[in-house]
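To start, the structure itself, in structure tokens.
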Amino acid sequence: MVPPLMSKRDKPQESTLVTAARSLDEGLERFEALAQQLQESPLQAEKHLEKASAILKALADMDEELRGRVAGLVGAISQVRDRQQTQAEAVQARAMELQQRTEIFKDLLVRYGSLGQSAGELNVRMQEFAAQRQQAKTPEENAALATSFQSLQDRMGEVADEAQSLSQAAEEKDFNDIARQAESLRQQLMSARNKLSLLQKSFGG
């Protein structure tokens, strides 16, 4: 599909700097043309002298006008410089914010990685505990197993608390993905802990 032609109204507006530069350039061209005309004007008759005087007056008027246009260009350049400085400061502030946010994210990611490692270790311990429970026969073995059970329960609670703390910290810093993942892990740990609690009646001591 052929895009519609841009109308004069749709033409992008020139910046103040471009407008001022073009105005000065056009004025300089006219000034140079008149100066060249003055240089080439004959001076052998009264009409020549009158014409040269008129050109000279026009050059004097244009010289004053050019001063104004130069001032306009200098002002436009000053505005551009100020805009650039403002943008540079904004970029610098954003860069510092990016650096800070990156550091916070790395810290949260390290904490989440450590949390995942702890959860993996708990999973191994739960599997070992289940195997030991299957092998336990005597009341003494069940009593010993109860100690391991309590240790496992306590550790699951600690890791669940760490997950909750991480979720809250990530949410406060607006890293919602990590917050959701940490909360999901906490819920999984609490669910496993609650299921494991149902086995407590099986132990002696």
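Worth pointing out:
- When ARG125, ARG133, ARG67, ARG81 are checked against the criterion of being in the same structural domain as GLN188 (by TED's automatic domain parsing), part of a helix (DSSP H, G or I), of a type outside the set (Asp, Glu) and without any contact (Cβ under 8 Å) to a residue 60 or more places away in the chain, ARG125 stands alone in meeting it.
- The single condition among (1) farther than 30 Å from ALA179 by Cβ; (2) free of Cβ contacts under 8 Å to residues at least 40 places away in the same chain that GLU103 does not meet is (1).
- Residue in segment 163-185 that is at pLDDT below 90, under 30 Å from PHE105 (Cα atoms) and among the hydrophobic types (A, V, I, L, M, F, W, C) present: no
- Test: GLU89 is within 38 Å of the chain's Cα centre (by Cα), outside the structural domain of MET156 (by TED's automatic domain parsing) and of a type in the set (Asp, Glu): yes
- Matching residues in segment 22-63 - criterion: being among the hydroxyl-bearing types (Ser, Thr, Tyr) and modelled with pLDDT under 90: SER41
- Screening ALA119, ALA146 for residues that are closer than 30 Å to ILE104 by Cα and among the small types (Gly, Ala, Ser) leaves exactly one candidate, ALA119.
- Those residues of segment 169-188 which are among the charged types (D, E, K, R) and part of a helix (DSSP H, G or I), in sequence order: GLU171, GLU172, ASP177, ARG180, GLU183, ARG186
- Answer from ALA52, ALA58, ALA35, ALA45 - the residue that is over 40 Å from the mean Cα position of the chain (by Cα) and exposed (fewer than 10 other Cβ atoms within 10 Å of the Cβ): ALA45
- Selection within segment 136-152 - part of a helix (DSSP H, G or I) and out of contact with any Phe, Trp or Tyr (no Cβ under 8 Å at 6 or more places or on another chain): PRO139, GLU140, GLU141, ALA144, THR147, GLN150, SER151
- Entry remark, segment 122-157: residues being over 14 Å from LEU189 (Cα atoms), touching a helix residue (DSSP H, G or I) at 6+ places or on another chain (Cβ under 7 Å) and among the hydrophobic types (A, V, I, L, M, F, W, C) number 4 in total.
- All conditions in (1) modelled with pLDDT under 95; (2) not charged (D, E, K, R); (3) not in a loop (DSSP other than H, G, I, E, B) hold for GLY204, with the sole exception of (3).
- Flag if LEU115 is at pLDDT 90 or above, over 16 Å from LYS173 (Cα atoms) and surrounded by 13 or more Cβ atoms within 10 Å (Cβ to Cβ): yes
- Flag if ALA163 is in contact with an Asp or Glu (Cβ under 6 Å, 6 or more places away or on another chain) and either within 15 Å of TYR112 (Cα to Cα) or crowded, with 16+ Cβ neighbours inside 10 Å (or both): no
The values are calculated or read from the model by the stated rules, or taken from the named source; none is laboratory data. Remember, it's a predicted structure, so these values are computed and weren't measured experimentally. Don't worry about glycine lacking a Cβ; one is built from the backbone with ideal geometry, like all the others, and counts go over all protein chains shown.
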